[in-house]
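Undergrad: Sharing a structure below in structure tokens format, with a few things to ask.
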Amino acid sequence: MSVIKDNLAHSGKKKLNLGQLLKPHSKQIVFAILAVIGEGVANLLQPWPLKLILDNVLRSRPMEGRLNDLILANVGSDKLALVKFAAIASLVIAAVSALCSYAEKYLTTSVGQWVMHDLRRMLYSHIQRLSLSFHDQMQSGDLISRVTSDIDAIQSFITSGLLGALVNILTLFGMMGVMFYINWKFTLIALSVAPALFLVVYTYTRRIKKAAREVRKKEGEILSVIQEVFSSIRVVKAFAREDYEQKRLEDESLESIEIALRARSLKAKLSPLVEIIVACGTALVLWFGARMVMDDTLSAGSLVLFIVYLGKMYKPMQELSKMTDAYSKADVGYERIREVLETERDVKDLPGARKAPKLKGKVEFDNVSFHYQPDSPILKEVSFTIEPGQVAAIVGPSGSGKSTIIGLIPRFYDPVSGVIKIDDVNARLYKQQSLRQQISFVLQDTLLFHAPIWTNIAYGRPEATREDILRAAELANAHEFIVEMPQGYDTMVGERGVTLSGGQRQRIAIARAIIRDTPLLIMDEPSAGLDAASEKLVFEALDRLMKGKTSIVIAHRLSTIRAAGVIFVVKDGRIVERGSHDELMQSRGVYAELHDLQFNKESGT
């Protein structure tokens, strides 16, 4: 089992090193290489029993050399004994070849599977720890493709190509050495087509790799379309856009087909070209070899040995040419994975960052500015203070920067300038994980996992006992509807919580926040879209949740935050007003305008 240790939590980026991935499996690789060597030697020896029979038994021309002398010294010159020896040698060579081939394939498959596991683990861990700005820019389908298809391509190459190429190379050079030993002039004739063969393979390899990269990119785009539609299927159905989405996928798929056919055309041309070049080499061997046998300058056994070797030698060349496809896919996958692993986090722990102590909950923004794009500032020199245990509301028009403010507190992003302090300490001096462990969230778009209800409640505190889960559900007004479900707390929740109503999902989210019992609580319009009955239950649960905690609430419905200790009004990226509800209403500023507009709209006047 892999011993690679993942230290991504302490590093902004991770360089992909194939040697590091293979190092934990070095013993298996060494045995696999020994098996490859054994298989190569067996391939070299395979035609020799036939040469022994032709030259020493059929007596076309006596075999010469040390190997012949060694065989005759141990077996004798008796023809029947030589035939018996040749037959047994053929069986032994075949058995050794089969055993080594099995060992090589078994070991490389094992290494390939473990490398796939290690690489997937490393990539998945790194992607999770990259900053939200990276995920904002990347397509989910493309990332899924890198974690699945690209890693599978590398695994396939390790399993079938890495040591397979070594077998072919050893066989190739071993046979060339033996052939030069037997007759170097004839060998040069036989290998005269090799330069053309390697030139064709090299040229097409580069073109195939480029085409494979385009195919993989398009596959990622198709996955992104599918993932986007499936995750938004309710919107698609609500607007009756099935035909449009079908057409969008078909267009992407047709582009994929065109690119794949171009790539396949290149691969299809390579194999016939190699076969033609190989046929030219074989024809040269037959033409010159037969004449040399007739001139008695080469034995029939040596000619047969040459022909067998050439067949075996050209086969590795053909196999190496066919491997260009697997290599190209693996190389493209390697590049795409490395691109992600070498991406630095925008938000990372500073050197010397310490674990956050038990927080009191004071939050302070000191001239904080932020932008996603340099020419589009979102926040401009925002300053405010929220005292421990205080309920603070953030209101303002859409796009004014409210969500950005609450995203900066847990360091989903870091400010471009200014300082965010938690308990009078720069938040960047705390380790991210330790800071976020002391913040709970109840968001407008409640996301639940495809898991039992109790797992969703305990998601932020997996060590919670069943009693803790029940208590949190009761405080969140969720216990009553949970026990009425078919399997109670063991009832599986549909993906993204679609099997529950909005109010039920929100109460489970509140239970999830209650069970964490953190000093800081961030809420983004937790009652949006709820009916009156559900809203009442949610507000009761929220009152219990906020008790004794520093609570920051983004509110679109201003009637829900009248009791807030302080209200910050955000407009165009700045804090333009602050105070209690009564104070802001008296000042007749932006807050009063928003309140009057909303009140008149709700009353129908």
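The values are calculated or read from the model by the stated rules, or taken from the named source; none is laboratory data. Note that the coordinates shown come from a computational prediction; the quantities given were computed from them, not determined experimentally. When we count neighbours, we look across all protein chains shown, and the Cβ atoms used for this are built from the backbone with ideal geometry, even at glycine.
Undergrad: Of all residues in segment 227-262, how many are among the hydrophobic types (A, V, I, L, M, F, W, C) and at pLDDT 80 or above?
TA: Residues flagged as among the hydrophobic types (A, V, I, L, M, F, W, C) and at pLDDT 80 or above within segment 227-262 amount to 6.
Undergrad: Could you run through segment 442-459 and say how many residues are more than 22 Å from Ile405 (Cα to Cα), at pLDDT below 85 and crowded, with 19+ Cβ neighbours inside 10 Å?
TA: Of the residues in that region, 1 qualify.
Undergrad: If you don't mind, another one. Return the only residue of Ile522, Ile439 being in contact with a helix residue (DSSP H, G or I) (Cβ under 8 Å, 6 or more places away or on another chain), within 30 Å of Ser417 (Cβ to Cβ) and at pLDDT 85 or above.
TA: When all the criteria are applied, what remains is Ile522.
Undergrad: Does Val201 satisfy the condition of being of a type in the set (A, V, I, L, M, F, W, C), farther than 19 Å from Leu21 by Cα and buried (at least 19 other Cβ atoms within 10 Å of the Cβ)?
TA: For Val201, the condition - of a type in the set (A, V, I, L, M, F, W, C), farther than 19 Å from Leu21 by Cα and buried (at least 19 other Cβ atoms within 10 Å of the Cβ) - is met.
Undergrad: When you go through (1) in a helix (DSSP H, G or I); (2) of a type outside the set (Phe, Trp, Tyr); (3) at pLDDT below 80; (4) surrounded by fewer than 22 Cβ atoms within 10 Å (Cβ to Cβ) one by one for Arg345, which number turns out not to apply?
TA: For Arg345, the exception is condition (1).
Undergrad: Would you mind stating whether Arg216 is assigned to a helix (DSSP H, G or I), of a type in the set (Lys, Arg) and either closer than 30 Å to Ser140 by Cβ or modelled with pLDDT of 80 or more (or both)?
TA: yes
Undergrad: Additional query: Can you find a residue that is modelled with pLDDT of 90 or more and part of a strand (DSSP E or B) anywhere in segment 406-414?
TA: Checking segment 406-414: not a single residue is modelled with pLDDT of 90 or more and part of a strand (DSSP E or B).
Undergrad: Residue check: is Ser160 among the small types (Gly, Ala, Ser) and over 21 Å from Ala42 (Cβ atoms)?
TA: Considered against the rule, which asks whether it is among the small types (Gly, Ala, Ser) and over 21 Å from Ala42 (Cβ atoms), Ser160 comes out as no.
Undergrad: So, one more: When residues of segment 281-308 are filtered for being under 19 Å from Ala196 (Cβ atoms) and either touching a strand residue (DSSP E or B) at 6+ places or on another chain (Cβ under 9 Å) or surrounded by 13 or more Cβ atoms within 10 Å (Cβ to Cβ) (or both), how many remain?
TA: So the count comes out to 6.
Undergrad: Right, something else. Would you mind listing the helices (runs of 4 or more DSSP H) fully within segment 119-188 where at least 2 residues are buried (at least 18 other Cβ atoms within 10 Å of the Cβ) and assigned by TED's automatic domain parsing to the domain that holds Ala103?
TA: Ranges flagged: 140-145, 151-157, 163-182.
Undergrad: Out of curiosity, is Arg516 under 30 Å from Ala393 (Cβ atoms), basic (Lys, Arg) and without any contact (Cβ under 8 Å) to a residue 60 or more places away in the chain?
TA: Here the answer is no, as Arg516 does not meet what is asked.
Undergrad: While we're looking at this one, here's another question. Report, ordered by the first and then the second residue, all pairs with beta carbons closer than 6 Å, sequence separation of six or more or different chains, a first member in segment 421-441 that is within 13 Å of Lys355 (Cβ to Cβ), and a second member that is of a type in the set (Ser, Thr, Tyr).
TA: Hits for this filter: Gln438/Thr518.
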